[in-house]
Amino acid sequence: MRNEVWSEIGTFLNGLRCGNVKRESYIQLSEVAEAEEQKKEAQKIFLKAMDSMETSKRKSIEDYMEKLKHLAFVEEEQAYCQGYVDCIQLLAGLGVAATVMVTADAEKH
């Protein structure tokens, strides 16, 4: 039952995550911008190398890269939701969110 509650909470939190990135509380780490720049530079070299490859090898690499991107996305999503869950548990431990968790459990029964 608890996993079902956390699953519902995770779905809700994912909706928040994909929301307005222009809001005041949105964090933009400088490391992300730096990594994007590094990726752009590496991508130029990579694309030149990909152009010189035979089609079957290029397709294998492209498939692998898509799987890596998908994995990175779902890991990011999981970490984001886990952060929220940890905050909720912290608030419950402090007695602030205890009624919220009881209500969520009661609604599922």
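The values are calculated or read from the model by the stated rules, or taken from the named source; none is laboratory data. Note that the structure is predicted; figures quoted are calculated from it, not measured. For neighbour counting, all protein chains shown are included, and Cβ atoms are generated from backbone atoms with ideal geometry for every residue, glycine included.
Key figures
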read-out	value
Single residue of region 3-38 satisfying the filter (of a type in the set (D, E, K, R) and either surrounded by fewer than 11 Cβ atoms within 10 Å (Cβ to Cβ) or not in a helix (DSSP H, G or I) (or both)) that is modelled with the lowest pLDDT	R23
Single match in A79, A92, A72, A106 (criterion: under 22 Å from S7 (Cβ atoms), at pLDDT below 80 and hydrophobic (A, V, I, L, M, F, W, C))	A106
